[in-house]
């Protein structure tokens, strides 16, 4: 299949997988706390990847390991925990919408650090997207109760990490295989993740024997296999056959899937959140009308 067609197949497939990740995280948080969910997600993903192709890490040149470490922190370790913490206070649908700012951040990072070119419409798109973000963060869900939109700032930080990762992969790890990068990322993170699980009492009999916890572990296992292991490999491959901004555009489609799941799960939006979401989508559209050159 030609790369032009393949990149669209990857994009749509990733949108479906990652759009479903938010509801899986929500289900996982029923029996696990945010730190347990994040650490378990990384640990299970590492195991899946090691079984799949552990030997691929030996294909990573020695001088590239520093960038593999950086991308593992920016694209996995930090975002996994920040997103989990955020979802303890805000709806999964809102998290997915804020995460859709990745293309905007990818463009800004490209311009600031990698001398990518930008046009006026893209600048306008960035401003509109940021306005939408402010509206969304300052709004309050109609569900009330435990909701705290300020936790959306954690999603912003995690999304910025994704954006930096995209540009680093494109500029410094272009010649390294997608599977090798992904397995390398998780080989560096599995030990600290197991340590976190230990210190959060995950391995105690009381925890593992709880039916609610067991069910949550099942959701995290599905999330780890599809939403992290398989999706990471596909996404790294997408970056190699397309531009950074096109790759990041998967987050333009993710909220559609996530919001549908949220509606089925009883989540609602107030009017301010609708306006904020629409502003973010418009901003991303303007940013992507003319891709950032790399």
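Derivation of every value follows stated rules applied to the coordinates shown; laboratory data play no part. Worth saying up front: this structure is predicted, and the values here are computed from it rather than measured. Positions of Cβ are generated from backbone atoms using ideal geometry, with glycine treated the same way; all protein chains shown enter the neighbour counts.
Worth pointing out:
- Cα shape, segment 148-231, gyration tensor, a/c 1.5 rule: prolate
- Cα extents of segment 71-218 along the three principal axes, largest first (Å): 58, 46, 21
- In the chain, Cα pairs under 8 Å separated by at least six residues give a relative contact order of 42 percent.
- Exposure proxy shown here: for 200, 45, 76, the number of other Cβ atoms within 10 Å sets the order, fewest to most, as 200, 76, 45.
- Residue order, fewest to most surrounding Cβ atoms within 10 angstrom, among 41, 27, 174: 174, 27, 41
- Volume per residue of the C-alpha convex hull in segment 23-128, rounded to whole Å³: 140
- Stokes-Einstein D (µm²/s) once Rh is taken as the Kirkwood radius of the chain over alpha-carbon pairs, at 4 °C in 1.567 mPa s: 68
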